[in-house]
Amino acid sequence: MLLITCPHCGPRPELEFTHGGEAHIARPENPAAMNAEDWTEYLYMRANPKGLHAERWRHLHGCARFFNALRDTTTDQFVATYATGQPRPDLKGAGQ
Amino acid sequence: MQKFSAFELFKQGLNGQAGWKPQWRSPEPKAAYDAVIIGGGGHGLGAAYYLAKQHGMRNIAVLEKGWLGGGNTGRNTTIIRSNYLFNESAGLYDHSVKLWEGLSQELNYNVMFSQRGVMMLAHTVHDVQVFKRHVHANRANGVDNDWLSPEEAKAFCPPLNISDNMRYPILGAALQRRGGTARHDAVAWGYARAADDLGVDIIENCEVTGIVRNAAGAVEAVQTTRGLIKTPKIGVSAAGHTSVVLGMAGVRLPLESYPLQALVSEPIKPVFPCVVMSNTIHAYISQSDKGELVIGAGTDIYTSYTQRGGLHISQHTLEAICELFPAFRRMRMLRNWGGIVDVTPDRSPIVAKTPVPGLYVNCGWGTGGFKATPGAAHTLAWTIAKDEPHPINAPFTIERFRDGHLIDEAAAAAVAH
Ligand SMILES: Cc1cc2nc3c(=O)[nH]c(=O)nc-3n(C[C@H](O)[C@H](O)[C@H](O)COP(=O)(O)OP(=O)(O)OC[C@H]3O[C@@H](n4cnc5c(N)ncnc54)[C@H](O)[C@@H]3O)c2cc1C
Ligand SMILES: [Zn+2]
């Protein structure tokens, strides 16, 4: 079981969380302008990287708030957590 | 190829069984092939076999980054069934069951296909309604599936607890008698041996690290840890790593990779005659011919490539097993492990051409593609050889997500395996 650090509550067991999938997939601002390819990309296509993954988590059985995390999918180690709405942290030069 | 037969066994016995040769060669990769398959699991090896056998393509290779069957083929709980809801799925999965029925003869290799019956338990009114709908839909498609009362279910599987003082009592079951299990390793080895015999080069410890395309965008070569290999056709059958491999050609897919776990108990005498699945309380179980109880757990909630999963996931499954089969409460588990499964949004696979000319993909089998090994291999080979799908895999495209033609087994059944 993973130990996940909620930015609001601190370290808590994985059981308290739900996983919200890939982060930074913005809801279309002008749906009427979207064609079928755009919708496919928005609804279904996923990066699914082997390595750092920017993803959404929700501390459902705690503060119930969403936050974003960067996690390495080859080790499951959390590298950073950050608030929703914030850009993906640039880890270059941070020794990562 | 040294044929296996009772006579051959006897003959070799006269010589202390010392005359057996390796089952397949271990060749150096050539500079170029007519087609290359990425992934030496059952699907990839089978595709190579059918390409050579049915389409006359013999100058081909299977590239495997580890060892044959070391991926999900060697990690799964080997449940085989075809009682899926939709017509497209019934077509593909039942095509596979029919191929399973003749596979040991076809390959001259005992894949230990055992049609011992797969029973799915219903615990809620919703389960009962959904399963009965499945039974009717399956029958309309010529796929066998029977509805059983709790007493009939217990008669078919005596260890089953059908008392009504359980948290989720058993209200009935759907039974596919043609379903069952097969020996996972034997499927990979049987296809490898037969493909090798037809001239296919099977190359282990050879990881594909890049896909080279020409000016027109078509496939030209693969970069590997054992050098550059030219080829005009690539079939990808890399299960959990499909997004990574297709990313090398710039193709994005509707896939997410999750860890899925299984575990086996210490071996015991035969006590368990069939396969039992319960999706509602999430457990599935059978007994291997070695005597181990083979138990499948669920996926983790997050994507990962670690090939292990959280312990609480298997614990959850074991709790369900102990409730369904109280006799197993004192069993010890011997090993547990994980595999990485590639899941699509509608829980149906993709066996299709890609937007890149010469690049074909077989993926999205998620938690349930072992059962489809022969059918996926056969239709992938057809698609590669003819550059167009077989009618059976034609609906399983990438474009179905754009066009809204989902084959939504996820919503239909929420049945995992
Ligand atoms: C725990 C568990 C239980 C399961 N239970 C069932 C079940 O009961 N019934 C059922 O039908 N299905 C089940 N499945 C699903 C089933 O195992 C898979 O769908 C099926 O085996 C996939 O076969 P494959 O040949 O496509 O993949 P694999 O056997 O995974 O083969 C893919 C191969 O590609 C190789 N590869 C990846 N990347 C590269 C690269 N860059 N270069 C070279 N090679 C590469 C890998 O090393 C691997 O050997 C289960 C899966 C798991 C993990
Ligand atoms: Zn919190």
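All of the numbers you see were taken from the coordinates with simple rules; none came from a lab. Quick caveat, the model's predicted, so the values are computed rather than measured. Positions of Cβ are generated from backbone atoms using ideal geometry, with glycine treated the same way; all protein chains shown enter the neighbour counts.
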Two-site label geometry, A:MET34 and B:ARG58: point separation in nm, points 7 Å out along Cα→Cβ
5.2
How long are the three semi-axes of the equivalent ellipsoid of the range B:110-266, in whole Å, if each is the root of 5 times an eigenvalue of the C-alpha gyration tensor, listed from largest down?
45, 20, 16
Average other protein chain Cβ within 10 Å of Cβ, residues B:303-314:
4
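Taking neighbour Cβ counts within 10 Å as the exposure measure, how do B:VAL200, B:VAL111 sort from fewest upward? Let's see the in-between values first.
Details: B:VAL200 29, B:VAL111 23.
Lowest to highest Cβ neighbour count: B:VAL111, B:VAL200.
Beyond 20 Å, what percent of the Cα pairs of the range B:134-201 remain?
Working: 1268 of 2278 pairs.
Tail of P(r) above 20 Å: 56 percent of Cα pairs.
How many percent of Cα pairs in the protein assembly as shown exceed 34 Å?
Working: 52103 of 131328 pairs.
I get 40 percent for the Cα pairs in the protein assembly as shown exceeding 34 Å.
Fewest first, what order do B:HIS134, B:HIS55 take by the number of other Cβ atoms within 10 Å?
Ranked by crowding around the Cβ, least crowded first: B:HIS55, B:HIS134.
What percent does the relative contact order of chain A come to when contacts are Cα pairs within less than 8 Å and at least six residues apart?
Values: 138 pairs, mean separation 24.3, N = 96.
For chain A, the relative contact order is 25 percent.
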Cα pair distances of the range B:203-262 binned at 10 Å [whole percent]
20, 50, 24, 6, 0
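About the Cα centre of the range B:97-147, how large is the charge dipole given +1 on each Lys and Arg Cβ and -1 on each Asp and Glu Cβ? Please answer in debye to the nearest 20.
160
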How far is it, in nm, from the label point at B:GLN2 to the one at B:THR225 when both lie 7 Å from their Cα along the line to the Cβ?
3.0
Using just the C-alpha positions of chain B as equal point scatterers, what log10 of I(q)/I(0) does the Debye formula give at each q in 0.13, 0.14, 0.15 1/Å?
-1.11, -1.26, -1.41
Report the normalised scattering of chain A as log10 I(q)/I(0) at q = 0.10 Å⁻¹, calculated by the Debye formula with identical scatterers on the alpha carbons.
-0.31
With the dipole of the range B:163-263 worked out from charges on the C-beta (+1 for Lys and Arg, -1 for Asp and Glu) around the Cα centre, which of B:ALA174, B:ILE211, B:VAL200 lies farthest toward the positive end?
B:ALA174
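Could you give the length gained on full extension between B:ASP289 and B:MET166, defined as 0.36 nm per residue of separation minus the Cα-Cα distance, in nm? Show your work: numbers first, answer last.
Numbers: separation 123, 0.36 × 123 = 44.28 nm, distance 3.00 nm.
Stretched fully, the B:ASP289-B:MET166 segment lengthens by 41.3 nm.
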In terms of modelled amide H atoms, which long-range or inter-chain residues lie less than 5 Å from the amide H of B:VAL236?
B:ILE38, B:TYR360, B:VAL361, B:ASN362
Cα-based Rg of the range B:219-325 per 2.2 N^0.38 Å, rounded to two decimals?
1.48
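For chain B, what does -39500 (n - 2.57) per DSSP helix run (n ≥ 4), summed and divided by total residues, give at 222 nm, in deg cm²/dmol to the nearest 500? If you can, show how the numbers build up before the last one.
On the way: 11 runs with 123 residues, N = 417.
After summing the helix terms and dividing by the residues of chain B, the value is -9000 deg cm²/dmol.
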For the range B:62-169, build the convex hull from the C-alpha positions and give me its volume per residue in Å³.
166
B:SER257 long-range amide H proximity, modeled H, under 5 Å:
B:SER304, B:VAL343
Rounded if a/c is under 1.5, else prolate if a/b is larger than b/c, else oblate: which is the range B:319-396, with a ≥ b ≥ c the root eigenvalues of its Cα gyration tensor?
prolate
Quote the FRET efficiency, to the nearest 0.05, computed for B:ILE268 versus B:GLN315 with a Förster distance R0 of 30 Å and r equal to the Cβ-Cβ distance.
0.90
Nearest-20 debye value, the protein assembly as shown charge dipole, Cβ charges on Lys, Arg, Asp, Glu
780
If you filter the range B:327-417 for trypsin sites (Lys or Arg not before Pro), then keep DSSP loop positions with at most 16 other Cβ within 10 Å, what is left?
B:ARG332
Label-point separation (nm) for B:ALA215 and B:TRP20, each offset 7 Å from Cα along Cα-to-Cβ?
5.5
Taking a straight Cα-to-Cα line shorter than 29 Å from B:LYS3, and setting aside same-chain lysines fewer than 8 residues away, one finds B:LYS11, B:LYS21, B:LYS30, B:LYS53, B:LYS65, B:LYS98, B:LYS290, B:LYS371
In what order do A:ASP72, B:ASP403 fall by count of nearby beta-carbon atoms within 10 Å, going from fewest to most?
B:ASP403, A:ASP72
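If you take every residue apart from A:TRP57 with its C-beta less than 11 Å away from the C-beta of A:TRP57, what net charge results, scoring Lys and Arg +1 and Asp and Glu -1?
Values: positive: A:ARG12, A:ARG56, A:ARG58, A:ARG65, A:ARG71; negative: A:GLU14, A:GLU16, A:GLU55.
Residues near A:TRP57 contribute +2 overall.
I'd like the FRET efficiency for B:GLU101 and B:GLU323, computed as 1/(1 + (r/R0)^6) with the beta carbon distance as r and R0 of 41 Å, rounded to 0.05. Intermediate results must be reported in sequence, preceding the final value.
Details: r = 34 Å, r/R0 = 0.84.
The calculated FRET efficiency here is 0.75.
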Kirkwood Rh, angstrom, the range B:35-115 [1 / mean 1/r, Cα pairs]
14.2
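Counting other Cβ atoms within 10 Å of each Cβ, which trypsin sites (Lys or Arg not before Pro) in chain A have at most 14 and sit in a DSSP loop? Don't skip to the end; give the middle numbers.
Details: sites: A:ARG46, A:LYS50, A:ARG56, A:ARG58, A:ARG65, A:ARG71, A:LYS92; in loops: A:LYS50, A:ARG65, A:LYS92.
Hits after loop and neighbour filter: A:LYS92.
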If you take the alpha carbon radius of gyration of the range B:234-284 and divide it by 2.2 N^0.38 Å, what ratio comes out, to two decimals?
1.83
